[in-house]
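The values are calculated or read from the model by the stated rules, or taken from the named source; none is laboratory data. Because the structure is predicted, anything quoted here is derived from the model rather than measured. Note that each Cβ is placed from the backbone with ideal geometry, even for glycine, and that neighbours are counted across all protein chains shown. Quick note on the areas: whole protein, heavy atoms, side chains included, nothing else; ligands and nucleic acids left out. Shrake-Rupley method; radii C 1.70, N 1.55, O 1.52, S 1.80 Å.
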Amino acid sequence: LHWRRRHVAATVRSRGASATLRPLSRPHRHCISPEYIEHSVWRSSAALGSPPVLLHNPEFFIADQLARGRHTAAATSAAAVAADDSGRCEDLYDGFYARLGDAFAALAACHGGRFGVSSNLVGCRYGVSGRANDAEAVELAKVVRAAEEGCGAAADRCSVVQLPVNLLEPDAVAGSASAPVAEARARGFTVLSHRPLHAIPPAEGLGGGFGLTSARHLTLRDGRPTLPAAALVRNTAREALAPHLPDAASLALEDIALLYAMHAPAVDVVLTGMRSAEYVDAAARLLRRPPLSPEAHADLTAAMLRLISELQGEQASR
């Protein structure tokens, strides 16, 4: 639930709501007020029926509060206290999960299907602002508690989570029992991943640039020519896959990136995007390949984690 400013403003006016619009990059705003959720679900359901509904990065509230200087990133939940927009004095994180509970209550009331969040959970490498995922991280256990407090008996429908998984952000599936994907599956959540081809780079200005599509993202695709840093990612991945795939040396970077996301353990669905027919055809072609073995995926994850560490070390030594 993340629309352009004019849609949010129109909703707030039409509903007479006192929703809080969080400023993002122009011309966007972010809103998870119950009134806006009700309106958005009604509009979407008319076209799509009742698929799962995800609140898109509700932790923008935390990032906004930190950006406004109302809290510091180092403050603990016990110490970070400030007045919110309604004038109440509340803890930043308790306030965030209280808002999340209100949003879930609205979803449960107007949507008969499943719901959840698309968030950078604890254990993901980066937060919603693109910085290290410390102060902005979302705790899945507290998401579940917010649903229980907000929805009561309907809390069991809060059972879908979406998070980023790609070659340069492998932490969500890095094998530990505490990894976000493992925790989500242990709690019975359906796990969706996104951004398989758009990664936040671990360092800046290396090897001629990362080929950013925006200020934050590296496109994991071969180009003409392929930039040195992208080629480094591709060649490292090819080397890791060589013992497992006979055609590893000829795989394009985008094929490796999609295979990595598509066969990540404990991930149920990968959102690859549909920006062009060529993109969809490429994803469909890869679905016809045998899946990556768990061993191949683990070796690729380990190789990427080593590469990330090396790149960050080079950046720190400059």
query: What residues qualify as long-range amide H neighbours of L121, i.e. H under 5 Å apart, gap of 5 or more or another chain, H built at 1.01 Å from N?
result: V138
task: Please compute the net charge surrounding A106, taking Lys and Arg as +1 and Asp and Glu as -1 over other residues with Cβ under 9 Å from its Cβ.
output: -3
message: Could you give the length gained by full extension between L287 and R43, i.e. 0.36 nm per residue of separation minus their alpha carbon distance, to one decimal place?
response: 84.6 nm
- prompt: So what are region 223-265's ellipsoid semi-axes, whole angstrom, largest first, if each one is the square root of 5 times an eigenvalue of the alpha-carbon gyration tensor?
  reply: 18, 12, 9
field: At 0.890 mPa s and 25 °C, Stokes diffusion of region 223-318 via Kirkwood alpha-carbon radius, µm² per second
entry: 169
message: Using a Förster radius of 41 Å, what is the FRET efficiency between A109 and E278 based on their Cβ-Cβ separation? Nearest 0.05, please.
response: 0.45
Rounded accessible area per residue of region 238-318, 1.4 Å, Å²: 56
statement: Diffing region 115-122: the Karplus 3J(HN,Hα) column from phi (6.51, -1.76, 1.60, θ = phi - 60°), in whole Hz with x for Gly and Pro, holds 8, x, 10, 10, 9, 8, 6, 3
